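As structure tokens, the structure follows; a few thoughts come after it.
The values are calculated or read from the model by the stated rules, or taken from the named source; none is laboratory data. From a predicted model like this one, the values you see are computed outputs, not experimental measurements. As a convention, Cβ positions derive from the backbone with ideal geometry for all residues, glycine included, and neighbour counts pool all protein chains shown. Ligands, DNA and RNA are excluded from the accessible area calculation, which covers all protein heavy atoms including side chains. Shrake-Rupley method; radii C 1.70, N 1.55, O 1.52, S 1.80 Å.
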Amino acid sequence: MTETAAVPASPPISDADPFAPEHLAHPEPLHQHLREAGPVVRLSRYDVHALARYQEVHAALVDWQTFQSGAGVGLANFRHEKPWRPPSLLLEADPPHHDAPRRVLRDILAPLALRRLRESWQTAAEELVDTVLADQGPEFDAFDALAKAFPLRVFPDAVGIPPDGRENLLPYGNMAFNAFGPRNDLVEADAHWVGNLSVWVNAQCAREALSEDGFGARIWAAADRGDLTHGQAPLVVRSLLTAGVDTTVHGLAAALYAFATHPEEWQRLRARPELVRVAFDEAVRWQSPVQTFFRTATRDVDIAGTRIPEGGKILMFLGAANHDPERWSDPDRFDLTRDPSGHVGFGMGIHQCVGQHVARLEAESLLTALAHRVDHLELVGPPRRHLNNTLRSWAALPVRVRPAG
Ligand code: OW7
């Protein structure tokens with residue numbers, strides 16, 4: 001962060017509630033307001049400081065020494081509040097504790113390690129698209145039929161969990177991502193099944209529950225090698241089950257929404273299939289499926305002339321940073337000719353999404369299968385959002401497609 005000799009000034013104050021339904025449903029106006037108000041804005045309602053500009057969000061993400069994750073990356077400050085579940089060993093940890101679990105997952109989810117999945121995921125995507133077109137015809141809900149169906153078809157098998165109870169995965173993730181926000185109606189709505197969902201998810205993390213060749217088994221094997229303790233292994237499996245389902249479902253939905261509303265970009269992708277990876281990254285930038293995360297200041301720190309007190313929470317608006325006109329030209333355009341690298345939709349720095357190669361492989365498989373079979377797609381009704389305190393998420397994406405000739 002920039003340290004200046006100047007006396008810290010009071011930042012602009014906003015009493016907006018970023019977790020209120022109207023902002024979750026339609027976050028752009030608040031994002032613009034916060035970006036324009038200043039590099040740091042105090043949110044009086046939650047007594048936190050907000051960052052909505054690219055430069056400050058990026059700087060906070062890469063400075064883990066000053067902006068820690070170990071006190072929680074939601075509004076709750078783990079120094080004073082008991083977390084709703086034992087903290088994640090990755091997301092809610094700082095070096096040095098963070099490093100061993102991170103290294104283990106990094107290796108298991110590395111591009112090289114995912115090669116063995118590539119062919120079967122491509123086949124699964126082709127079969128899924130063929131089945132949807134054959135069974136539902138040219139009009140269907142692309143959220144349900146593709147964005148939701150595909151990750152659920154390939155990811156739980158790749159982790160190695162048994163078939164029973166997989167319907168719990170999305171509700172558990174939805175609850176976990178709501179839990180990063182304030183205790184509002186969205187959190188209350190989940191309260192009655194926190195217990196049952198947690199019991200089910202925790203049971204899937206046990207060695208005995210997992211197949212012999214999945215990500216889960218590889219985490220346990222890392223514990224056998226001494227790269228983790230056996231006590232850590234189930235919590236690392238839990239990270240896959242928490243962070244790996246809803247994120248990819250809504251990330252794929254973002255890409256499908258982008259193409260259903262930008263037919264010229266779909267033509268561009270069909271003409272140049274090698275753009276598929278850029279396309280997914282651009283969709284992640286454009287929609288930012290993970291909208292926000294918090295950090296906690298480990299010392300009094302000045303950001304652009306505003307003093308953040310030690311122990312204070314900082315709310316980083318990833319989606320706002322990804323639309324900052326100071327960083328992106330025509331930021332609100334979904335544009336396959338831009339270079340989206342450097343976006344903070346997967347975060348940045350030591351906590352940057354460790355599963356991004358899994359997400360990219362899912363996206364590449366599904367979009368490629370669709371591009372081979374469909375030469376046009378468009379919305380046939382209003383897309384419906386699902387509200388979540390952290391995720392920019394979906395309930396329905398009604399489309400009509402024209403099968404390729
Ligand atoms: C975890 C992009 C989010 C997450 C989210 C929720 C949980 C975890 C990670 O990353 O359990 O490690």
On the protein heavy atoms, probe 1.4 angstrom, tell me the percent of accessible surface of the chain carried by carbon and sulfur. 53
If you average 1/r over every pair of different alpha-carbon atoms in the chain and take one over that average, what Kirkwood value in Å do you get? 21.8
Highest-fluctuation residue, R295, R285, R102 considered, GNM on the chain with Cα pairs under 10 Å: R102
Given the peptides 350-357, 140-147, arrange them by the average over their residues of other C-beta atoms within 10 Å, most packed first. 140-147, 350-357
Measure of exposure for F78: accessible area at 1.4 Å probe, Å² rounded to 10, is 50
Cβ-placed point charges (K, R +1; D, E -1), dipole of the chain about Cα centre in debye, nearest 20: 480
Cβ-derived FRET efficiency at R0 41 Å, E167 paired with E264, nearest 0.05: 0.60
Ranked output for segments 22-34, 302-314 by mean other Cβ atoms within 10 Å, highest leading, reads 302-314, 22-34
Using amide H atoms built in the peptide plane, which far-off residues or other-chain residues are under 5 Å from A304 H to H? T2
Label-point separation in nm, A404 to E28, each point 7 Å along Cα→Cβ: 3.0
Cα lying deepest toward the dipole's positive end in the range 13-403, options A191, F67, V201, charges on Cβ: F67
May I ask you to derive the FRET efficiency for A191 and H97 from their Cβ-Cβ distance with R0 = 22 Å, giving the value to the nearest 0.05? 0.15
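Tell me which trypsin sites (Lys or Arg not before Pro) from the range 1-95 have a DSSP coil assignment and no more than 11 other beta carbons within 10 Å of their own.
R79
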